[in-house]
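A short worksheet on the structure shown next.
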Amino acid sequence: MSLSTIVVDDEPLARKGLAIRLAEHDDIDLIAQCGNGREAIEAIRAYQPDLMFLDIQMPGLNGFEVLDEIVAQGLKLPMVVFVTAFDQYAIKAFDIHAVDYLMKPADEVRLAQSLEKVRLAIQAQTDVDHKNKLVQLVSNVTGSDTNKILEELSNNDELSISKYSDVLPIKDGGELSRVPVNSILWIDAAGDYMCVHTDENTHILRKTMKQLEEVLDPRQFIRSHRSTIVNKQYIQKFCSQLNGEYYLVMSNGKELKVSRSYKEKVKQAVTN
């Protein structure tokens, strides 16, 4: 089985060198070479390749932003091997997410190892797992300042990528909305769904409270009720009633009940 492959790099010599080395592998079908991120997205739309060698640092859309666009547009996500000039110390974060990478200039031995890793992943049918981890990496990275991340890499610093994303992806039919986490006022449960409230809209998300707590930073979001999570930065008041019940007043005037079991944690979070 041949793997349809594209190479994405803004440096013509780097593209040519990688193309020459890939030609030595009979099961690699190089179908496109792209000089920038926009060309890469169009090639993926047109060819739906199995594999993409993607440069990280490019003018216009960088490698992270290319992946972000692929996910946002709902395109078929290929297996991805990053191509980078950054050293191994700085690139450790990609290993954690099981994303392979090549150092520039790519040598024959390392390229062969990378291709073997791709082949084994496909044979073992773990590409879904690979893609899920890649999407998580995209979510983590693109929710942050990508220029800051690239600067850290160029300085040989370890990536300061939080495990909590700054963007919450929400699917609605054929559309994927990327809701900035900082814009979320509160989230409450409605049966099997979560209602994600911002100043402008209410988005419907099929997740559990437990799943949301795993992706939202607990330094910013707190449970005020078994069916409610609130963003601390939008809490205006913490109030008590004569009957001993408590509630929060949010920045938009909405009152949210605080259950007794969460009262002390909410009070501590508001006063700190």
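Every read-out reported here was derived from the displayed coordinates using simple, explicitly stated rules and does not represent laboratory data. What you see is a predicted model, and the numbers here were worked out from it, not measured in a lab. Glycine gets a Cβ as well: all are built from the backbone with ideal geometry, and neighbour counts include every protein chain shown.
Of the listed pairs 237/263; 232/263; 76/210, which have alpha-carbon separations greater than 18 Å here?
Long pairs (Cα-Cα over 18 Å): 76/210.
Tell me which GluC sites (Glu not before Pro) from the range 1-86 have a DSSP coil assignment and no more than 15 other beta carbons within 10 Å of their own.
24
Can you work out the Karplus-derived ³J(HN,Hα) for every residue in the range 242-250? Use 6.51 cos²θ - 1.76 cosθ + 1.60 with θ = phi - 60°, whole Hz, and x for glycine or proline.
In residue order, the calculated couplings are 4, 7, x, 8, 10, 8, 10, 10, 7 Hz.
Where Rh denotes the Kirkwood radius from the mean inverse Cα pair distance, what is Rg over Rh for the range 179-271?
Radius of gyration over Kirkwood radius for the range 179-271 works out to 0.94.
Using the count of nearby Cβ atoms within 10 Å as a rough guide to exposure, how do 53, 238 rank from fewest to most?
Ascending Cβ contact count within 10 Å gives the list 238, 53.
Would you mind counting up the charge near residue 255? Only other residues with Cβ under 13 Å from its Cβ, with Lys and Arg at +1 and Asp and Glu at -1.
Here the count lands on +1.
Test of understanding: ordering 239, 34, 195 by Cβ neighbours within 10 Å, fewest first, what list do you get?
239, 195, 34
Which cross-chain or sequence-distant (5 or more) residues have an amide H under 5 Å from the amide H of residue 179, H modelled 1.01 Å from N in plane?
For residue 179, whose amide H was placed from the backbone, the distant partners under 5 Å are 168, 170.
Which loop-located GluC sites (Glu not before Pro) does the range 182-272 contain, where loop means any DSSP state but H, G, I, E or B and the Cβ has at most 13 other Cβ atoms within 10 Å?
Sparse-neighbourhood loop GluC sites (Glu not before Pro): 200, 245.
Give me, ordered by chain and number, the residues 5 or more places off residue 101 or on other chains with an amide H under 5 Å from its own placed amide H.
82
Calculate one ³J(HN,Hα) per residue across the range 184-191 by plugging θ = phi - 60° into the Karplus curve 6.51 cos²θ - 1.76 cosθ + 1.60, and present them in order as whole Hz with x for glycine and proline.
Result, rounded to whole Hz: 7, 7, 7, 10, 10, 8, 9, x.
Please give me the summed charge of the neighbours of residue 110: other residues whose Cβ is under 13 Å from its Cβ, Lys and Arg +1, Asp and Glu -1.
Its environment carries a net charge of -1.
HN-Hα J couplings of the range 74-82 from phi, Karplus 6.51/-1.76/1.60, θ = phi - 60°, integer Hz, Gly and Pro as x?
My calculation for the range 74-82 gives x, 7, 5, 8, x, 4, 10, 10, 6 Hz in order.
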